[in-house]
1. What tally of residues in segment 67-86 results from selecting those that are surrounded by 16 or more Cβ atoms within 10 Å (Cβ to Cβ) and in a loop (DSSP other than H, G, I, E, B)?
2. Read through the list (1) crowded, with 23+ Cβ neighbours inside 10 Å; (2) assigned to a helix (DSSP H, G or I); (3) touching a Ser or Thr at 6+ places or on another chain (Cβ under 8 Å), then give the number of the only condition that V389 fails.
3. Given (1) surrounded by fewer than 22 Cβ atoms within 10 Å (Cβ to Cβ); (2) touching a helix residue (DSSP H, G or I) at 6+ places or on another chain (Cβ under 9 Å), where does I49 come up short, assuming only one miss?
4. Would you be able to tell me the number of residues in segment 322-355 that are more than 25 Å from V11 (Cα to Cα), hydrophobic (A, V, I, L, M, F, W, C) and assigned to a helix (DSSP H, G or I)?
5. Just one of (1) surrounded by fewer than 22 Cβ atoms within 10 Å (Cβ to Cβ); (2) farther than 25 Å from F426 by Cβ; (3) under 24 Å from the mean Cα position of the chain (by Cα) trips up T366, so point out which.
6. What are the residues in segment 98-117 that are free of Cβ contacts under 8 Å to residues at least 12 places away in the same chain and over 22 Å from W57 (Cα atoms), if any?
7. Identify, from the list S259, S251, S194, the residue that is touching a residue at least 60 places away in the same chain (Cβ under 8 Å) and either in a loop (DSSP other than H, G, I, E, B) or among the polar types (S, T, N, Q) (or both).
8. Is there any pair linking a residue in segment 124-152 that is modelled with pLDDT of 95 or more to one that is assigned to a loop (DSSP other than H, G, I, E, B) and among the aromatic types (F, W, Y), with Cβ under 7 Å and at least six apart or on different chains, and which?
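The values are calculated or read from the model by the stated rules, or taken from the named source; none is laboratory data. Worth saying up front: this structure is predicted, and the values here are computed from it rather than measured. No Cβ is skipped: glycine too gets one built from the backbone with ideal geometry, and neighbour counts run over all protein chains shown.
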Amino acid sequence: MIRKLVLRCLVQLENINSQIAPVIDEVIRKNQLSEADRRLLTEIVYGTIRWQGHLDWIIQQFIKPGFRLDLQMSYILRVGVYQLLYLDKIPNHAAINETVELANQKGQKSKNFVNAVLRAIQRSADSLILPQLEVDPILHISLKLSYPKWLVKKWIGQFSPKWALEFCQASNQIAPVSIRTNTLRIDRHKLAMSLRKGGNQVVESRIAPDGLLLTKTNPIRSLREFQAGLFQVQDEAAQLVAHLLAPQEKSEIVDLCASPGGKTTHLAQLVGNVTNVVAVDLSTKKIERIQENCQRLGITNVHTRVANAKTDEIEALVAADLILIDAPCSGTGTLRRHPDIRWKRTAKQILDLANLQLEILIKVATQIRSGAVIVYSTCSTEVEENQEVITRFLEACPRFSVEPAHDYLPFLPANAITSDGYLQVFPHTHSVDGTFAVRLRKID
């Protein structure tokens with residue numbers, strides 16, 4: 001049954017608008033699964049998606065040249081090969097037999113085909129030879145670490161082969177659950193002690209002042225501390241953005257593109273649940289997610305608005321002192337948590353997103369007063385969405401200047417701040433999601 005549910009998830013993820021976590025959550029919700037089965041389902045779906053490119057390369061070595069697999073057969077074989085190569089806890093014979101059964105509805109011929117391919121891979125996969133890194137770094141990284149060639153080529157060109165290799169390796173690791181202490185209700189030390197008493201393995205973040213890492217935990221929503229609003233799930237790097245904005249009591253704060261409210265609630269927390277924070281996003285559904293998080297965390301100083309930051313005049317901006325633009329982005333910094341992103345992004349999407357980000361920045365810049373501060377942030381690693389957007393913005397809006405991030409984040413290591421004063425961290429250098437942020441002040 002589990003493999004059938006795995007296959008259902010993988011087929012749903014072919015939809016360009018689908019996301020891996022909600023797809024898995026929905027399947028789990030609709031089926032009565034034990035905790036062990038939930039973990040197995042999640043591991044196989046995430047692993048098959050993460051290693052899809054590598055799995056396809058292996059499969060192609062064991063079928064006739066030019067033979068085309070239909071979508072369902074491709075996923076059936078990927079699931080089987082993933083279990084053979086990456087899941088030691090599942091015996092090879094069980095992995096093969098269960099995968100063959102997935103092809104049952106396609107007939108005996110298909111079952112025989114799947115069985116033959118998997119047994120051949122079981123015998124001979126170790127003998128396959130990849131292109132050498134020194135000879136063809138793009139193909140080597142793409143095939144070995146399972147990334148689209150165009151992305152690997154892009155990263156090598158913008159950074160270096162060493163950067164691309166290390167980034168891809170780090171982005172294939174499974175990230176621990178990262179949470180932010182709700183200091184309105186508890187301090188980090190007491191929260192860590194409480195979670196440990198519940199059998200969770202907890203490590204304090206080295207870069208986020210209120211952050212904790214759960215290296216072993218039960219489902220988050222089942223934790224008493226979550227239900228009591230003692231923490232918010234949020235990556236360590238994302239927790240730095242509110243500190244960069246440096247909110248003070250009596251500041252007028254606006255958070256644009258705010259859903260699901262991780263940074264909104266952090267800003268509210270940093271001002272002691274007193275100063276008003278206006279959270280803005282595109283739809284009522286997005287606003288409802290912010291409100292749900294505020295309610296659980298006991299936050300009462302957030303006021304929500306439905307508006308389009310790209311096109312709308314937003315009244316709250318006129319008097320705002322601090323504005324956060326956590327812009328829609330490609331999300332390539334979050335590949336540890338969202339491995340499906342690598343297969344869904346295109347070069348055109350990245351350029352379109354960069355243009356959208358610039359349009360939002362310029363629209364906001366025209367509505368705010370002199371002296372107001374914008375923090376622009378993304379969870380992207382792409383130069384087009386980060387440094388180039390800021391360069392283009394400063395050319396279009398010369399009345400803005402960059403305020404160095406290290407003045408507001410003095411606790412960070414030096415390599416977390418660029419020479420231009422931007423915050424930028426990566427999975428392979430800081431063991432966090434890739435994040436970019438810059439603080440901009442409008443001057444007279």
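1. Residues flagged as surrounded by 16 or more Cβ atoms within 10 Å (Cβ to Cβ) and in a loop (DSSP other than H, G, I, E, B) within segment 67-86 amount to 1.
2. Against the list (1) crowded, with 23+ Cβ neighbours inside 10 Å; (2) assigned to a helix (DSSP H, G or I); (3) touching a Ser or Thr at 6+ places or on another chain (Cβ under 8 Å), V389 comes up short only on (3).
3. I49 satisfies all of (1) surrounded by fewer than 22 Cβ atoms within 10 Å (Cβ to Cβ); (2) touching a helix residue (DSSP H, G or I) at 6+ places or on another chain (Cβ under 9 Å) except (1).
4. Taking segment 322-355 as the starting set, the residues that turn out to be more than 25 Å from V11 (Cα to Cα) are 322-328, 351-355.
Next, from what is left, pick out any that are hydrophobic (A, V, I, L, M, F, W, C): 322-325, 327, 351, 353-354.
Remaining after also requiring assigned to a helix (DSSP H, G or I): 351, 353-354.
So the answer is 3.
5. (3)
6. N104, Q105, G107, Q108, K109
7. Working: S259 fails: touching a residue at least 60 places away in the same chain (Cβ under 8 Å); S194 fails: touching a residue at least 60 places away in the same chain (Cβ under 8 Å).
The match here is S251.
8. I141/Y147; S146/W51
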